[in-house]
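The values are calculated or read from the model by the stated rules, or taken from the named source; none is laboratory data. The shown structure was predicted, so the numbers you read here are calculated from the model rather than taken from an experiment. Cβ sites come from the backbone with ideal geometry, for glycine too, and all protein chains shown count toward neighbours. Heavy atoms of the whole protein, side chains included, go into the accessibility calculation; ligands, DNA and RNA do not. Shrake-Rupley method; radii C 1.70, N 1.55, O 1.52, S 1.80 Å.
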Amino acid sequence: AQDRLGAEAYAGTPDSVAQFRAAMERQTGLDPRTTADVSGKSGPVSGYYSNVRSPGSRSDTFGGSLNTGSLSAFLKRNDAKANTNFERRTDAVGLSGQTPFAGGTLSGGASRQFFYDKYPQHMYQESRPTYSLPPVSQYDAQYQRPVGRGIASLGANLMKPRGGPTDLGANVGYSREDPFGLGGILTASGNYRNSPGQSSSAGANLGYRLRF
């Protein structure tokens with residue numbers, strides 16, 4: 001059995017210039033942990049901090065973002081520690097945005113992650129071994145526009161570690177509401193994936209969802 005006990009506090013309203021939230025939760029049982037979250041927002045600037053503790057491990061995450069409407073930027077850092085004295089720090093920074101284009105909406109983003117590891121120090125070592133793993137870059141783009149009585153979409157994404165192989169994906173889709181007069185939604189989609197060390201794959205799907 002698991003028990004949870006938590007508390008939250010808010011300041012501000014959805015229409016106010018500044019907002020603040022703080023929360024804490026404690027979970028017992030087979031997976032005991034304590035979680036504390038703090039976040040705030042003032043105009044286009046927001047920030048947050050999260051701490052998760054469990055027996056033998058701890059994770060601290062903090063970050064912030066700047067949102068100007070059509071363009072936003074973010075940064076994030078996570079410090080994870082284990083009882084083996086292993087530590088990993090992950091830093092991420094990125095941009096995303098959207099703009100009207102050719103009768104539709106073009107959106108996309110780019111981000112980069114950096115990894116730093118610390119290992120336990122042995123008696124014959126002067127300091128703890130530290131390693132920097134290759135950073136990973138990610139890019140994605142999506143385009144949507146009305147076509148006929150539905151919405152068509154086209155997207156692509158790419159992930160590449162520095163000096164490593166590229167993971168590439170693409171997707172296409174179309175949706176239309178109530179094409180048969182039954183109140184449902186018709187969807188069609190296709191996707192392609194080319195991942196390192198695996199055979200390329202492609203798939204398609206056609207569906208109709210009724211609303212009850």
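How about region 78-181: which GluC sites (Glu not before Pro) there lie in a loop by DSSP and see at most 11 other Cβ atoms within 10 Å? Don't skip to the end; give the middle numbers.
Values: sites: Glu87, Glu126, Glu177; in loops: Glu126.
Taking region 78-181 and a limit of 11 other Cβ atoms within 10 Å, the loop GluC sites (Glu not before Pro) found are Glu126.
Output the direction-averaged projected area (hull surface divided by four) of the convex hull of the alpha-carbon atoms of region 94-212, in nm².
Spelled out: convex hull of the Cα atoms, projected over all directions, averaged, 12.4 nm².
Count neighbours as other Cβ atoms within 10 Å of each site's Cβ, and list the trypsin sites (Lys or Arg not before Pro) in region 155-212 that are DSSP loop with at most 12 such neighbours.
Loop-located and lightly packed - Arg162, Arg211.
Explain nothing, just the number: relative contact order of region 113-212, from Cα pairs under 8 Å at least 6 residues apart, as a whole percent. Write down the numbers at each step before the final one.
Details: 201 pairs, mean separation 16.7, N = 100.
The normalised contact order for region 113-212 reaches 17 percent.
Can you give the FRET efficiency to the nearest 0.05 for Thr130 and Met24, using r as the Cβ-Cβ distance and R₀ = 35 Å?
That pair, Thr130 with Met24, gives E of 0.60.
Considering only protein heavy atoms, with the full assembly of protein chains and a 1.4 angstrom probe, order Met24, Met123, Met159 by accessible area, largest first. Please list the in-between numbers first.
Values: Met24 115, Met123 195, Met159 75 Å².
Of Met24, Met123, Met159, the descending order of accessible area is Met123, Met24, Met159.
For region 158-212, report the % of Cα-Cα distances exceeding 16 Å.
Roughly 57 percent, once rounded to a whole number.
Per residue, what accessible area does the chain have, given a 1.4 Å probe and all protein chains present, in Å²?
68 Å²
Counting Lys and Arg as +1 and Asp and Glu as -1, what is the net charge of the other residues whose Cβ lies under 11 Å from the Cβ of Asp117?
Around Asp117, the surrounding residues sum to +3.
Over the Cα atoms of region 47-125, compute the convex hull volume and normalise it per residue, giving Å³.
Numbers: hull volume 7.8 nm³, N = 79.
Here the figure is 99 Å³ per residue.
Using every alpha carbon pair in region 41-80, what percent of pairs falls into each 5 Å bin from 0 up to the bin containing the largest distance?
Each 5 Å bin holds this share of Cα pairs: 7, 21, 24, 15, 13, 9, 7, 3, 1.
Residue by residue through region 22-28, what is 3J(HN,Hα) from phi via Karplus (6.51 cos²θ - 1.76 cosθ + 1.60, θ = phi - 60°)? Round to whole Hz and write x for glycine and proline.
Residue by residue, region 22-28 yields 9, 8, 9, 9, 10, 10, 10 Hz.
If I stretch the segment between Ala202 and Asn67 completely, what's the gain in nm (0.36 nm per residue apart, minus their alpha carbon distance), one decimal?
Additional length available on full extension: 45.1 nm.
Starting from the Cα gyration tensor of region 1-141, multiply each eigenvalue by 5, take the square root, and state the resulting semi-axes largest first in whole Å.
Equivalent ellipsoid semi-axes, largest first: 33, 26, 13 Å.
Reachable lysines from Lys41, Cα under 25 Å, same-chain residues fewer than 8 places away excluded?
Lys76
Run the paramagnetic zone check for Phe101: 7 angstrom along Cα to Cβ, then residues of region 143-164 with backbone nitrogen under 19 Å.
Within reach of a label on Phe101: 143-147, 151-159.
Mind giving me the nanometre distance, one decimal, between the label points for Ser54 and Ala82, set 7 Å out from Cα along Cα→Cβ?
Taking the two extended label points, one gets 1.2 nm.
Tell me the chymotrypsin sites (Phe, Trp or Tyr not before Pro) within region 37-146 that lie in a loop according to DSSP and have at most 11 other beta-carbon atoms within 10 Å.
Answer by residue number: Tyr124.
Roughly speaking, to the nearest percent, how much of the chain's 1.4 Å accessible area is carbon and sulfur?
Exposed carbon and sulfur together represent 57 percent of the surface.
Extension gain Phe180-Asp117, at 0.36 nm per residue separation less the Cα-Cα distance, in nm?
17.0 nm
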